[in-house]
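To start, the structure itself, in structure tokens.
The values are calculated or read from the model by the stated rules, or taken from the named source; none is laboratory data. This is a predicted model, so every value here is computed, not measured. We place every Cβ from the backbone using ideal geometry, glycine too, and count neighbours over all the protein chains shown.
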Amino acid sequence: MKKTLGAIWENNRKDFLLVMAAAVLTGIMTPLTVRFEEQVINLIGETLNGGSPASAVILPFVQLIGAYICIYILPAAAGLLYERIRMNSDFWFRRKVIGKMQTISYQYAENKEIMDLYSRVNKNMDGTLRDFSRDICELVAALIGVAGFFAIICSVSLVCAGIFLALFVALLFFADRSAKSFHNLNRQFSETERRVVYLDSIENTKPFAHEKKLFGFTDFINQKRSGFLMAQRNAMRQYDYKFGLTFSMIDTAGYICTILMMLTMLSYILRGSLTPGLFIAASHAAVNLNLTTQNKIRTIFNDLMRQKRYWKEYYTFLDLPDQDLPKEESAALSREEFESLEFRDVSFQYPNGPKVLDRVSFRLEKGRHYALVGENGAGKSTIIKLMLRLYEVNEGEILLNGRSIRQYCQQELYRVYAAVFQDFSRYYLSIRDNITFGEDASEDRMKKALEEANLLEKIENLPDGVQTRLGEIYEGGVNLSGGEWQRVAFARALYQDAAVILLDEPTSALDPIAENAIYEQFGQIAQGRTTLFITHRLASTRMADEILVLAGGRIAERGPHSELMEQHGLYEKMYDSQRKWYVEEEATV
């Protein structure tokens, strides 16, 4: 946690100095109140016996009032500064996490454990930062108070002080164990919460409404949800029972020690070796040590141990390897400069998986249209991921304009491509933001992209035009049909004005004839650009200048539609098996 504290200090020096000063002063004043009480009580006794004037009580009484004012006012005033520290720190720490997500290798984004780690780090950051500075400062104040109370007790009984010290050490030990157990439970609960959120979405979102009504599975979903929550509650109950009992035993031992110390001090008073003021002060110190300060330290320490494990996960995430950057100066590339993209003897397999591609070679030329076809699992989407350098090839190389794509930084590489994926995202933002993602939009370019995607007329008829918000989360938000969302995704790709457009089965939810119509329209729009589209339905492949047939991890056949049909090979078999899907479309050709 040293790195965390250092980062908070660097971003909040003035505020952190103020809250730490308040904490130190509060810690000092806590045991001093007991000493001031001792002086007030002793002077009152002396005054009653005629040994001191009444005015002698005024100074310690004023000191006692001042100490209590510090104890209660300073933490309240510091609370405002803690919130300001949290807000400043949240921006700094969250920016690090978001930035890391942009630079780590894509394989981590598909790794469940890494994504669980990211989810925990992102989800728990706000609460952790809210408490971290406060816990550090309050721990300092509490430890100063404990030291003062121990000093007071030592002046009365070293044996009692030793017992309190042993109880204090035991408390810290079990606080650490408690924090570790709670952290492990929190990891389990993260998994449970994801399942419950998913089941809640089945109950509460529109896509499931008709099947929920038809199949009547509401009770089944509720039973599943209740089962997850019950298991979580049982685990939490066991945790509370185990550590609640342990801490109760430590507290009870502290109470017993306090009572024994008070009985011992009574005998000292009877012998005249202990003043009533010191008796009350020592009793007050023991009660404060056991009931207030010690319990507070237990809570803070438990929370800091939890935070220690949180920050360990935070920095574990930040330490994940970044995607390899170019070792030499990054090459720049504009759309006009793009000439070719070549796979040269590329082999690839996913971690702990079988080989997907085996010495694959092909070349995409500027301004030509290509189709990549093959059975499910043949490696079509893998080729797209390798082009985008989301994964690194195991063997061979990928060349962009004759240079390895490793020589381009990610920003330069992504400038070459625009892509529409099968699982394209639906962003509940304005239409403008869906297309431009907040950049200073070129109105003409955006209008052209919407027009080419056959959306302009519909959008111009909406009340707010391109400022119309999409999605039902907004009052007055517009919900689009599935086909219209697809056109938004196409418009987003066209707006990028990239040299190469990649289409990874974005129309798979449509029927073959509708899919073919969209691809033909897109092929006309994309004239002058290089396009590669993936499909497992072959009605659309005839528009391609070259078709690449992927089978067994290799390019089995290549060529235009007519040539491949004449070869009477794998492509012809696949095409003929699907002929019934698009016989209507063929009749119009």
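The table below lists the values:
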quantity	calculated
Residue tally, condition touching a Lys or Arg at 6+ places or on another chain (Cβ under 9 Å) and surrounded by fewer than 13 Cβ atoms within 10 Å (Cβ to Cβ), over region 445-464	0
Any chance Ile104 is in contact with an Asp or Glu (Cβ under 9 Å, 6 or more places away or on another chain), β-branched (Val, Ile, Thr) and assigned by TED's automatic domain parsing to the domain that holds Phe132	yes
Matching residues in region 414-442 - criterion: being among the aliphatic types (A, V, I, L, M) and modelled with pLDDT of 80 or more	Val416, Ala418, Ala419, Val420, Leu429, Ile431, Ile435
Residue tally, condition modelled with pLDDT under 75, surrounded by 13 or more Cβ atoms within 10 Å (Cβ to Cβ) and hydrophobic (A, V, I, L, M, F, W, C), over region 330-356	2
Failed item in (1) without any contact (Cβ under 8 Å) to a residue 24 or more places away in the chain; (2) in contact with an Asp or Glu (Cβ under 8 Å, 6 or more places away or on another chain), with Leu64 passing the rest	(1)
Meets criteria (more than 37 Å from the chain's Cα centre (by Cα) and either not in a helix (DSSP H, G or I) or not assigned by TED's automatic domain parsing to the domain that holds Met20 (or both)) for Gly66	no
In region 99-119, the residues that are part of a helix (DSSP H, G or I), surrounded by 17 or more Cβ atoms within 10 Å (Cβ to Cβ) and modelled with pLDDT under 80	Tyr108
Residue check for Glu38: in contact (Cβ under 8 Å) with a residue 60 or more places away in the chain, under 30 Å from Ile280 (Cβ atoms) and not small (Gly, Ala, Ser)	yes
Extreme residue, modelled with the highest pLDDT, among residues of region 274-301 that are of a type in the set (A, V, I, L, M, F, W, C) and under 14 Å from Phe168 (Cα atoms)	Ile300
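Quick grid of which residues meet (1) under 30 Å from Asn124 (Cβ atoms); (2) in the same structural domain as Leu18 (by TED's automatic domain parsing); (3) surrounded by 12 or more Cβ atoms within 10 Å (Cβ to Cβ):
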{"position": "Thr47", "(1), (2), (3)": "no, yes, yes"}
{"position": "Gly51", "(1), (2), (3)": "no, yes, no"}
{"position": "Ile58", "(1), (2), (3)": "no, yes, yes"}
{"position": "Ala76", "(1), (2), (3)": "yes, yes, no"}
{"position": "Arg86", "(1), (2), (3)": "yes, yes, yes"}
{"position": "Asp90", "(1), (2), (3)": "yes, yes, yes"}
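Residue by residue, here is whether (1) more than 29 Å from Ser155 (Cβ to Cβ); (2) over 23 Å from the mean Cα position of the chain (by Cα); (3) surrounded by 12 or more Cβ atoms within 10 Å (Cβ to Cβ) holds:
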{"site": "Ile41", "(1), (2), (3)": "no, yes, yes"}
{"site": "Leu81", "(1), (2), (3)": "yes, yes, yes"}
{"site": "Arg94", "(1), (2), (3)": "yes, no, yes"}
{"site": "Val97", "(1), (2), (3)": "yes, no, yes"}
